[in-house]
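Step one of this worksheet: look at the structure below.
Throughout, read-outs are computed from the coordinates displayed, never taken from laboratory work. Everything numeric in this text was worked out from a predicted model, so none of it was measured. Note that we place each Cβ from the backbone using ideal geometry, even for glycine, and neighbour counts take in every protein chain shown.
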Amino acid sequence: MSVELAALRTVDLADSGVSSLNGELHAAPAGRWEVSNPAGRHAIAVGLTVPHEVVIEGHVGYYCAGMNQEAAVSVRGNCGVGVAENMMSGTVRIEGDASQAAGASAHGGLIAIDGNAAARCGISLKGGDVVVRGSVGHATGFMAQSGRIVVCGDAGEALGDSIYEARIYVRGDIGGLGADCVAKELREEHRIELGELLEQAGLGDADPREFRRYGSARRLYNFDVDDAV
């Protein structure tokens, strides 16, 4: 069902604080918002639960768009630690680079990063999708439980360390695999899945056949149903 959005609302953070902006976003019906002069402020557009379209013109600090539900948030700049942390649904796009722990613990939705992402991208992922046009730092996908991580560039050391059932796709070089993370066959079903993800992230020109798939070897699981009393 489509949602009719209200007229464009502009907010200058040089004049009003982040708390005021977030309060308005939480109280207002679905609308289009343009936020200027973020100046690296933290926790912008957090906890949204309606399908707003929010464009932030500039760099943001920690935890931008955290706990997002349904909203489409775009950052026309770089972002600090924990962008889209614990995201539930919707989309978050970073047009620059992302610092550590982008998309940490995300349960759903799509996080698209046009630049690079630093260490621990997609850690403890629980169902969301993270697509990075550039490269990612070490420990990307650490303890990722579900969901998908796509890296069009290179990946640092300890990729997928202690991973559960998430899928990781990498096109470039890898510094090293983490504990229990192994290369897996890229079957046709995965190429289709990957192609759809790339298209959603605006990277439809990337060839899914150039990627490799990684996931859990399942050697660290310590529960066996036969051991249950």
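For the chain, what log10 I(q)/I(0) values come out of the Debye formula at q = 0.08, 0.13 1/Å, with one point per alpha carbon and no solvent?
With one equal scatterer per Cα and no solvent, log10 I(q)/I(0) is -0.29, -0.71.
Counting only DSSP beta bridges with both residues in the chain, tell me the antiparallel percent, nearest 5.
Working: 7 of 48 bridges.
Expressed as a percentage, antiparallel bridges in the chain total about 15.
Please report, in whole Å, how far the alpha carbons of region 147-213 spread along each principal axis, starting with the longest.
Cα spread of region 147-213 along its principal axes, largest to smallest: 31, 21, 17 Å.
Using the Kirkwood radius built from alpha carbon pairs, what does the Stokes-Einstein equation give as D for region 1-57 at 20 °C and 1.002 mPa s, in µm² per second?
Details: Rh = 11.6 Å.
Value of D from the Cα-based Kirkwood radius: 185 µm²/s.
Just to be sure I understand: with springs between alpha-carbon atoms less than 10 Å apart, which residue in 195, 23, 127 has the highest mean-square fluctuation in the Gaussian network model of the chain?
23
What is the mean projected area of the alpha carbon convex hull for region 90-199, to one decimal in square nanometres?
Details: hull surface 22.4 nm².
Its average projected convex-hull area is 5.6 nm².
Roughly how big is the chain's charge dipole about its Cα centre, with Cβ charges of +1 (Lys, Arg) and -1 (Asp, Glu), in debye to the nearest 20?
Working: 19 positive and 31 negative charges, 39 e Å.
Roughly 180 debye, rounded to the nearest 20.
Using modelled amide H (1.01 Å from N, peptide plane; none on Pro or chain starts), what sits under 5 Å from the amide H of residue 78, excluding residues fewer than 5 places away?
Excluding prolines and chain starts, which carry no amide H, the hits are 59, 60, 97.
Calculate for the chain the 222 nm mean residue ellipticity that helices alone would give, adding -39,500 (n - 2.57) per DSSP H run of length 4 or more and normalising by residue count, nearest 500 deg cm²/dmol.
Numbers: 2 runs with 23 residues, N = 229.
Calculated mean residue ellipticity at 222 nm is -3000 deg cm²/dmol.
Within a Cβ distance under 11 Å of residue 77, other residues only, what is the Lys/Arg minus Asp/Glu net charge? Walk me through the numbers before you get to the answer.
Values: positive: 76; negative: 57, 95, 97, 114.
Here the count lands on -3.
Please list, in order along region 61-68, the HN-Hα scalar couplings obtained from phi with the Karplus expression 6.51 cos²θ - 1.76 cosθ + 1.60 (θ = phi - 60°), rounded to whole Hz, x for Gly and Pro.
x, 6, 6, 4, 6, x, 6, 5
Report ³J(HN,Hα) in whole Hz for each residue of region 209-217, in order, from the Karplus equation J = 6.51 cos²θ - 1.76 cosθ + 1.60 where θ = phi - 60°; Gly and Pro get x.
Listing the rounded values in order: 5, 8, 9, 10, 9, 10, x, 7, 7 Hz.
Using only Cα atoms, locate the centre of region 92-141 and the centre of region 149-182, then give the distance between them in Å, rounded to an integer.
So the separation of the two Cα centres works out to 12 Å.
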